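The values are calculated or read from the model by the stated rules, or taken from the named source; none is laboratory data. These numbers come from a predicted model, not from an experiment. Here the Cβ is made from the backbone with ideal geometry for all residues, glycine too, and neighbour counts use every protein chain on show.
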């Protein structure tokens, strides 16, 4: 721990010095003068208002992909205006007469697969956090929040939902869009914004933006935004309170346990209260998430828990404050730990959330605050008492875009002792300790994590870094309860280099976090190094290609290496949107504990201390995504511990543009291992039917069959967005036993939500 802490401190000082040096460079971008609207703007796709004819035009869009050395072949124009209530944006997108590529009419499009244009803005002037609103030629809306300055694709979260208005008119040689975004839907600074505009012309496979952005960087990155000069300071939104009540009802039937049909009814609400234009209070009472799309199942052959993404609306705005401390596999807070828990069979079950409150946003130019408190109810079937969760984060911006954060996470188990014996409690509430020379099982009253993070983002996106030191407390162990990590990345036009190091003490315990390694190792240290070379062939069907290499290791605190791998890869992206990738890896593992890779198909157990080394090879291909029929396929073969593994997975899609699509996702693994009673065949098949009758009525049917757990899951969801951010849902779900085919359980739920502005 001492050596690791010294390493973190030295790297922290070095990166802070680098950040300061890079912050001296002038940021790219130009100014856009934005006038106040001179009349009422009608959203009709016709720019005949004086406001638009007199507005300064952001045009001459420049390519970011497939090359960044020329202007877009089909230009775009953006205009911006405002009044007391709305931010207005209009777009003119010039094009040829070929049909647009629009996958469906469903909201929250897959950005890469649809023609679209959007506005991306940083309303806090910190080049770090913001919002985006995009529109397709068919008028399909998508919106989201931006974190980490938009430095990579993960920084854009489209699960965030809010109220805004738009209209699109299509012409022979262009399409025109008008957007009206209520100031009450966003958080903002009244005087200083940064803004850019980004167009994805899929049918030409061209990405262009108002601010010229090098090909190695995301063109919607806030560091490549222009400066907005308002004609006058924006109006204070005044009383800004939104109330979003819901009512839900349904019927449930558990045939597997021969329980009678049960009728359910729920009522609750969310509320949004603007404390200031940039600070918001979110409240929820008895929230219901029955309409949230089900998780896509995976065949997980590793020893580690798989982390599914958060889709529940309440947890999304300013989620980066709470969710990004630590590393992806050592988060002190993971919101899916709230309201979801595993039963004794390992299945994820919902736990009722009684209420929640979250205060988040900017409290000054350089300071952000996030405080959240959630209360869950007891659930005797899961052995869980009432639990209270508190998360607090204070973030200070330093230099141009970097920041330092302090985090505190507390989980409190309430009402302990209500069960007659500890055997009735969920394992997550118990711990085993030494008392008087004997092992004793006792109840845990609390679990806490606190620490500090430093995130480096230079002004030009060339350098990125992340360092943290965290510590846990649960009233038990007082040492080896640390977690630390350091990452640094350097990205240029020709190559990208990344290094990372982290350590987790054997007594570190982040119950509300995501640290899958502690379920495998009794404390560990890990390291990673990777380099990618990027080549841009001229006069070729290839846009970008290049080799890559990476190395990983994991060691116990004693220094014993348990995992080591080295991989070589080569990736090719074609001008027609197709891609191909090949990868070869050499892997070594020394098991720190017993492991059954065939569970539950076979009781084969690989013993702790056994050593294995093997090679594996993978190749994948994705076809032209612009075609109505497209597919992806990946195949792999090689060793697997002391056996052999062959895999094939991918997806086949057909779309009837723009009204629907049908796709099938598949994943098959064949494993043969000495000592097993038979070879194992793991199969996952997931057909999906997506119908979008209009841009307000959607129907999705999703089936998942996974033979590893002998289960078929059906989820059918009807959604009618009858007003902006107001919906009616009808959701049917059923689980089946494949052989003999029979229903395990089924449920039908109806839910109505309505967004009131008070």
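Would a scan of the range 305-315 turn up a residue that is at pLDDT 90 or above and either in a loop (DSSP other than H, G, I, E, B) or under 30 Å from residue 589 (Cβ atoms) (or both)?
no
Kindly establish whether residue 361 is part of a strand (DSSP E or B) and under 16 Å from residue 390 (Cα atoms).
No, not satisfied.
Taking the stated definitions as given, is residue 446 modelled with pLDDT of 90 or more and in contact with a helix residue (DSSP H, G or I) (Cβ under 9 Å, 6 or more places away or on another chain)?
Judged against the criteria, residue 446 is not a match.
For the range 152-169, name all the residues that are modelled with pLDDT under 95 and either closer than 23 Å to residue 74 by Cα or surrounded by fewer than 22 Cβ atoms within 10 Å (Cβ to Cβ) (or both).
Of everything in the range 152-169, those that are modelled with pLDDT under 95 and either closer than 23 Å to residue 74 by Cα or surrounded by fewer than 22 Cβ atoms within 10 Å (Cβ to Cβ) (or both) turn out to be 152, 153, 154, 156, 157, 158, 159, 160, 161, 162, 163.
Test residue 732 against the criterion of being farther than 30 Å from residue 137 by Cα and outside any helix (DSSP H, G or I), and give yes or no.
Judged against the criteria, residue 732 is a match.
Just one of 101, 109 is within 19 Å of residue 159 (Cα to Cα), within 28 Å of the chain's Cα centre (by Cα) and crowded, with 22+ Cβ neighbours inside 10 Å; which is it?
From the options 101, 109, the qualifying one is 109.
One line per residue, one yes/no per condition, for (1) loosely packed, with under 15 Cβ neighbours inside 10 Å; (2) over 15 Å from residue 355 (Cβ atoms); (3) without any contact (Cβ under 8 Å) to a residue 40 or more places away in the chain:
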position	(1), (2), (3)
236	yes, yes, no
241	yes, yes, no
244	no, no, no
252	no, yes, no
257	yes, yes, yes
262	yes, yes, yes
270	no, no, no
287	no, no, no
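Would you point out which residue out of 126, 108, 161 is out of contact with any helix residue (DSSP H, G or I) (no Cβ under 7 Å at 6 or more places or on another chain), assigned by TED's automatic domain parsing to the domain that holds residue 52, in contact (Cβ under 8 Å) with a residue 60 or more places away in the chain and assigned to a loop (DSSP other than H, G, I, E, B)?
Testing whether each residue is out of contact with any helix residue (DSSP H, G or I) (no Cβ under 7 Å at 6 or more places or on another chain), assigned by TED's automatic domain parsing to the domain that holds residue 52, in contact (Cβ under 8 Å) with a residue 60 or more places away in the chain and assigned to a loop (DSSP other than H, G, I, E, B) leaves just 126.
Which residue, of 428, 418, 472, is at pLDDT below 80 and surrounded by 15 or more Cβ atoms within 10 Å (Cβ to Cβ)?
428
Go through (1) touching a strand residue (DSSP E or B) at 6+ places or on another chain (Cβ under 7 Å); (2) within 30 Å of residue 673 (Cα to Cα) and name the single condition residue 529 misses.
(2)
Determine whether the range 675-690 contains at least one residue that is in contact with a strand residue (DSSP E or B) (Cβ under 9 Å, 6 or more places away or on another chain), closer than 25 Å to residue 244 by Cα and part of a strand (DSSP E or B).
No.
Taking residue 342, is it within 14 Å of the chain's Cα centre (by Cα) and either surrounded by fewer than 20 Cβ atoms within 10 Å (Cβ to Cβ) or in the same structural domain as residue 504 (by TED's automatic domain parsing) (or both)?
No.
When you scan the range 696-717, how many residues do you find that are over 15 Å from residue 665 (Cα atoms), touching a strand residue (DSSP E or B) at 6+ places or on another chain (Cβ under 7 Å) and surrounded by fewer than 17 Cβ atoms within 10 Å (Cβ to Cβ)?
Number of matching residues: 5.
So residue 246 ticks every box in (1) over 27 Å from the mean Cα position of the chain (by Cα); (2) modelled with pLDDT of 95 or more but one. Which box is left unticked?
(1)
With the requirement that a residue be assigned to a loop (DSSP other than H, G, I, E, B) and touching a strand residue (DSSP E or B) at 6+ places or on another chain (Cβ under 6 Å), what does the range 50-68 give you?
55, 56, 57, 59, 61, 66
Go through the residues of the range 150-171 one by one and say whether even a single one is at positive phi and within 21 Å of the chain's Cα centre (by Cα).
yes
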